[in-house]
1. Residue check, GLU82 against (1) surrounded by 10 or more Cβ atoms within 10 Å (Cβ to Cβ); (2) more than 16 Å from the chain's Cα centre (by Cα); (3) of a type in the set (Asp, Glu), all met but one. Which one?
2. Which residues, counting only those in the stretch 57-77, are under 20 Å from LEU33 (Cβ atoms) and either touching a residue at least 24 places away in the same chain (Cβ under 8 Å) or small (Gly, Ala, Ser) (or both)?
3. Among the residues in the stretch 7-21, are any of a type in the set (Val, Ile, Thr) and either touching a strand residue (DSSP E or B) at 6+ places or on another chain (Cβ under 7 Å) or not in a helix (DSSP H, G or I) (or both)?
4. Take the residues of the stretch 32-63 that are more than 20 Å from GLY13 (Cα to Cα) and of a type in the set (Val, Ile, Thr): which is nearest to the chain's Cα centre (by Cα)?
5. Would you tally the residues in the stretch 1-24 being farther than 19 Å from GLN41 by Cβ and surrounded by 10 or more Cβ atoms within 10 Å (Cβ to Cβ)?
6. Run GLU82 past the list (1) of a type in the set (Asp, Glu); (2) part of a loop (DSSP other than H, G, I, E, B); (3) closer than 27 Å to THR5 by Cβ and report the number of the one that doesn't hold.
7. Could you please tell me which pairs satisfy a Cβ distance under 9 Å, a separation of 6+ or placement on different chains, a first residue in the stretch 30-45 that is within 15 Å of ARG19 (Cβ to Cβ) and modelled with pLDDT under 95, and a second residue that is aliphatic (A, V, I, L, M) and surrounded by fewer than 13 Cβ atoms within 10 Å (Cβ to Cβ)?
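The values are calculated or read from the model by the stated rules, or taken from the named source; none is laboratory data. Just so you know, these numbers come straight off a predicted model, no measurement behind them. A quick note on method: Cβ atoms are made from the backbone with ideal geometry, for glycine too, and the neighbour counts reach across all protein chains shown.
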Amino acid sequence: MEGGTTFHFVTAGIESALRQAREAAGNGDVSILGGATTINQHLAAGLIDELRLHIVPVTLGGGTRLFDGVPPLNLRARRMRETGGHG
């Protein structure tokens with residue numbers, strides 16, 4: 001891809017994809033991006049160390065809810081920031 005970005009599609013499951021991403025990152029961080037289904041799968045499997053939510057108050061009419069099918073989590077807010085202009 002222009003600019004040097006490379007995508008690798010992994011079909012062996014989320015654990016395999018995350019393991020490969022961690023190997024590729026070495027000592028760096030790995031970010032999981034995606035919609036609620038992707039995040040819920042990783043949360044339910046206990047594979048997320050830190051969750052950063054960016055919430056924009058827009059109603060799109062439907063979709064998957066974040067945290068659906070995820071067992072109770074011991075979450076703790078570390079930082080919150082509000083920005084304007086989303087209304």
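1. Of the numbered conditions (1) surrounded by 10 or more Cβ atoms within 10 Å (Cβ to Cβ); (2) more than 16 Å from the chain's Cα centre (by Cα); (3) of a type in the set (Asp, Glu), the odd one out for GLU82 is (1).
2. VAL58, GLY63, THR64, ARG65, LEU66, PHE67, ASP68, GLY69, VAL70, LEU73, LEU75, listed by residue number.
3. yes
4. The extreme case among them is ILE55.
5. Residues meeting the conditions: 1.
6. Going through the list (1) of a type in the set (Asp, Glu); (2) part of a loop (DSSP other than H, G, I, E, B); (3) closer than 27 Å to THR5 by Cβ, GLU82 breaks only (3).
7. Taking only residues 6 or more apart or on different chains, the pairs are VAL30/ALA24.
Yes/no per residue for (1) loosely packed, with under 10 Cβ neighbours inside 10 Å; (2) hydroxyl-bearing (Ser, Thr, Tyr):
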| site | (1), (2) |
| --- | --- |
| GLY26 | yes, no |
| VAL30 | no, no |
| GLY34 | no, no |
| ASN40 | no, no |
| ALA44 | no, no |
| LEU47 | no, no |
| ILE55 | yes, no |
| THR64 | no, yes |
